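Data first, discussion second: the structure below is written as structure tokens.
The values are calculated or read from the model by the stated rules, or taken from the named source; none is laboratory data. Remember, predicted model here, so these are calculated numbers, not experimental data. When we count neighbours, we look across all protein chains shown, and the Cβ atoms used for this are built from the backbone with ideal geometry, even at glycine.
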Amino acid sequence: MKKLVVFIIIFSSVFMSCNRKTTLKGRVMNPITGEGIAGATISASKITMELPGGYKTVEQTTSDTNGDFLLKFKKSASSIGVSTGNYHNIGWYQNGEIQNGYYLPVQQGENMHADFYAVPYGSSKANITNVNCQGSTDTAYFKLKFTLDPGLYDYWSPPKVGCYSHSDETAAERPIGKYVWITKIIRSGNTSYQYDTVFVNESGVSVFNINY
């Protein structure tokens, strides 16, 4: 009888431990304006071989009108992701910094707190002119740095040679926020860099005027 009681106690403890839930409290928000994003889906997932992609949703919730949410999930969950719809996802903000990667790792057995950053889209055009052209050997490369998501446009354009000029006919969709336009200039065998800053707004068309 004692063995049965001990077994029941152990089994109950294991069962309760397996079903004990962790909580994640936070807010889905636009870090530029401080406004909350309503209706975002926050999902806790676990690794599984049952589905393509290897992840299965364990629990999920949605953010309220202020962007706030509280997600309770079982300890079997390994990561938490967010779907914001027509927003550009920046990532999780926790402990004073943006976390690497889109998914937030679960801290087992702890009550967690993290906010999720996302921004709407605006649009921009570029007007580019080599105003100091010294001939056909002038060469320029261009790169954009989006300060909220530095890896988004982290590549150089093909080389533009000679007395180059260009104006976009149509606007390109871009997440709103501060951008740094980097121009690498090779002129008379010397290399220099120029930095121009533009803020892309949600309304209207923001313009990059690049004179190098």
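The figures follow:
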| read-out | value |
| --- | --- |
| Pick from the stretch 138-188, criterion of a type in the set (A, V, I, L, M) and closer than 20 Å to HIS88 by Cβ, ranking: surrounded by the fewest Cβ atoms within 10 Å (Cβ to Cβ) | ALA172 |
| Pair list, Cβ under 8 Å, 6 or more apart: the stretch 119-143 residue over 13 Å from GLN194 (Cβ atoms), other residue buried (at least 17 other Cβ atoms within 10 Å of the Cβ) and of a type in the set (Gly, Ala, Ser) | VAL119/GLY177; GLY122/SER206; SER123/SER206; SER124/SER206; LYS125/SER206 |
| Residue check, ILE90 modelled with pLDDT of 85 or more, buried (at least 19 other Cβ atoms within 10 Å of the Cβ), of a type in the set (A, V, I, L, M) and not assigned by TED's automatic domain parsing to the domain that holds ASN201 | yes |
| Verdict on ILE80 being assigned to a strand (DSSP E or B), more than 20 Å from THR22 (Cα to Cα) and in contact (Cβ under 8 Å) with a residue 12 or more places away in the chain | no |
| Count of residues meeting criterion [part of a loop (DSSP other than H, G, I, E, B) and surrounded by 15 or more Cβ atoms within 10 Å (Cβ to Cβ)] in the stretch 39-65 | 3 |
| Check on GLY96, without any contact (Cβ under 8 Å) to a residue 12 or more places away in the chain, of a type outside the set (S, T, N, Q) and surrounded by fewer than 18 Cβ atoms within 10 Å (Cβ to Cβ) | yes |
| Any hit, the stretch 143-163, residues being within 22 Å of the chain's Cα centre (by Cα), of a type in the set (S, T, N, Q) and not assigned by TED's automatic domain parsing to the domain that holds PHE73 | yes |
| In the stretch 157-192, residue farthest from VAL207 (Cα to Cα) [restricted to those that are small (Gly, Ala, Ser) and in a strand (DSSP E or B)] | SER192 |
| Count of the stretch 66-76 residues which are within 20 Å of TYR93 (Cβ to Cβ) and either exposed (fewer than 15 other Cβ atoms within 10 Å of the Cβ) or of a type in the set (A, V, I, L, M) (or both) | 3 |
| Residue that is farthest from PHE146 (Cα to Cα), among those in the stretch 83-102 that are not hydroxyl-bearing (Ser, Thr, Tyr) and not in a loop (DSSP other than H, G, I, E, B) | GLN94 |
| Flag if PHE142 is within 23 Å of SER206 (Cβ to Cβ), hydrophobic (A, V, I, L, M, F, W, C) and not in a loop (DSSP other than H, G, I, E, B) | yes |
| Qualifying position, being within 14 Å of ASN30 (Cα to Cα) and of a type outside the set (D, E, K, R), among GLY81, GLY91, GLY109 | GLY91 |
